[in-house]
Amino acid sequence: MTLSKQVQDSLDEATASLRNALAFAARNEEVYVSKHIADIMHSIDNIKHVTNLMAISDKVMKQLEEEED
């Protein structure tokens, strides 16, 4: 199952806000703050990609099961 439009949009907005925070943190904060913001951004990106991958995997598995029948 892929992400709903609302969740996708919310994750995109969160990423945009975090990108803005990262830009400010890079200039004003300790390095570890920027690192953790970047980690969160990476996690959000992973959620989007893995969800799509799982949806494709489920589709292929269903097709294989139908072929076996």
Just to be sure before I move on: is residue 69 modelled with pLDDT of 95 or more and not hydroxyl-bearing (Ser, Thr, Tyr) in the structure I sent? no
Being surrounded by 11 or more Cβ atoms within 10 Å (Cβ to Cβ) and of a type outside the set (A, V, I, L, M) narrows it down to one of 4, 10, so name that one. 10
Restricting attention to the stretch 18-26, does a residue exist that is open to solvent by less than 100 Å² (accessible area, probe 1.4 Å) and within 14 Å of the chain's Cα centre (by Cα)? yes
Take the residues in the stretch 28-69 that are under 17 Å from residue 3 (Cβ atoms) and basic (Lys, Arg), then tell me which one is surrounded by the fewest Cβ atoms within 10 Å (Cβ to Cβ). 59
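The values are calculated or read from the model by the stated rules, or taken from the named source; none is laboratory data. Keep in mind the model is a prediction, meaning the values are calculated, not measured. Heads up, the Cβs are rebuilt from the backbone with ideal geometry, glycines too, and the neighbour counts pull from every protein chain shown. Keep in mind that these areas ignore ligands, DNA and RNA; they rest on the heavy atoms of the full protein, side chains included. Shrake-Rupley method; radii C 1.70, N 1.55, O 1.52, S 1.80 Å.
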